[in-house]
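Working notes, structure below.
The values are calculated or read from the model by the stated rules, or taken from the named source; none is laboratory data. All figures in this text were calculated on a predicted structure; none of them were measured in a lab. Cβ: placed from backbone, ideal geometry, glycine included. Neighbour counts: every protein chain shown. Accessible surface is based on the protein model in full, side chains and every heavy atom, while ligands, DNA and RNA are left aside. Shrake-Rupley method; radii C 1.70, N 1.55, O 1.52, S 1.80 Å.
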Amino acid sequence: SNIGNLAEYTAMTAIIAAGLVMVLIAGEVDLSVGQVYALSPFVMHFAQQAGVPFVPAVGIGLVAAAIVGLINGFFTVILRIPSFITTLGTLFFINGFTLTISGGFPVRPKAGPVLQEIFGGNPVSQILWAIGVTLILQFVLVKTRWGLHTVATGGNLIGAAEVGIKIGRIKMGNFVICSVLGGLAGVLDTFRIGSIDPLAGGTEIMFMAIASCVIGGTLLTGG
């Protein structure tokens, strides 16, 4: 039972950390991902209330997370505002937005028993999600052009641009990946807790995820 509790507690942090690794390697940081963790489940809940089936509703929640990642990427890449400032502002904005749309009250997630088990309702499914996400991003990082260009962008921004790497697209894409995984972690964790809480996530899980990245060997300086 102790191992099960540890699995439930750490799996969601691992999923968020996997996305943050991509952002950090690209030479940026995302402080807003902990609030995306709270936003996506509420978007999923409101989509279900509008009559959308569960799985498409989850997809809508993840699309909302991706939009946050695009916003972070736009301000960082296009407007050249440091990602620390951009994502700090996004963090506070999403926090206020989530509290507003929720009215400050938690709600209960709705799904069938089988879907609850698949989407984080037991420790095994949560660990499998975390392992799956980690393996996929590890493959992307070391075996694909996207991963190579991510490392090059964070390691030598000017050099990467001079050899033709589209550094703006790389950074924006990794912001989107990070936000989507933050939203996924939030959706999965709602079925562990049995509640969608507007005050869930936040800076605590974000700092834990960043600490996980650094302890795992990711450089805060990028590359």
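Points to keep in mind about this one:
- Proximity of backbone amide H atoms, modeled 1.01 Å from N, is registered between Ile196 and Val107, Arg108 at under 5 Å, excluding neighbours fewer than 5 places apart on the same chain.
- Per residue Cα convex hull volume in Å³ - calculated over the stretch 1-89: 116
- The chain, Cα convex hull volume normalised per residue, Å³: 115
- Rel. contact order, % - alpha carbon contacts under 8 angstrom, at least six apart, the stretch 1-99: 33
- Accessible area expressed per residue, the chain, with surrounding protein chains retained (probe 1.4 Å, Å²): 47
- For the pair Thr144 and Phe74, the difference between a 0.36 nm per residue extended length and the Cα-Cα distance amounts to 22.8 nm.
- Of the DSSP H helices in the chain, those whose Cα atoms cover at least 20 Å axially and whose Kyte score averages 0.0 or more: 2-25, 33-49, 54-73, 83-102, 123-143, 167-193
- Per principal axis, descending, Cα span of the stretch 56-162 in whole Å: 53, 35, 21
- Accessible carbon and sulfur surface of the chain relative to its total accessible area, %, 1.4 Å: 71
- Dividing the mean sequence gap of close Cα pairs (under 8 Å, 6+ apart) by how many residues the chain holds gives a relative contact order of 46 percent.
- When the helices of the chain are scored as -39500 (n - 2.57) per DSSP H run of n ≥ 4 and the total is divided over every residue, the value at 222 nm lands at -24500 deg cm²/dmol.
- Size-normalised alpha-carbon gyration radius of the stretch 125-200, reference 2.2 N^0.38 Å: 1.41
- The Stokes-Einstein estimate for the stretch 101-158, based on a Kirkwood radius over Cα pairs and taken at 10 °C with 1.306 mPa s viscosity, is a diffusion coefficient of 108 µm²/s.
- Cβ-defined net charge surrounding Thr76, 9 Å radius [Lys, Arg +1; Asp, Glu -1]: +1
- Ranked by the mean number of other Cβ atoms within 10 Å of their residues, highest first, the peptides 175-183, 69-77 come out as 175-183, 69-77.
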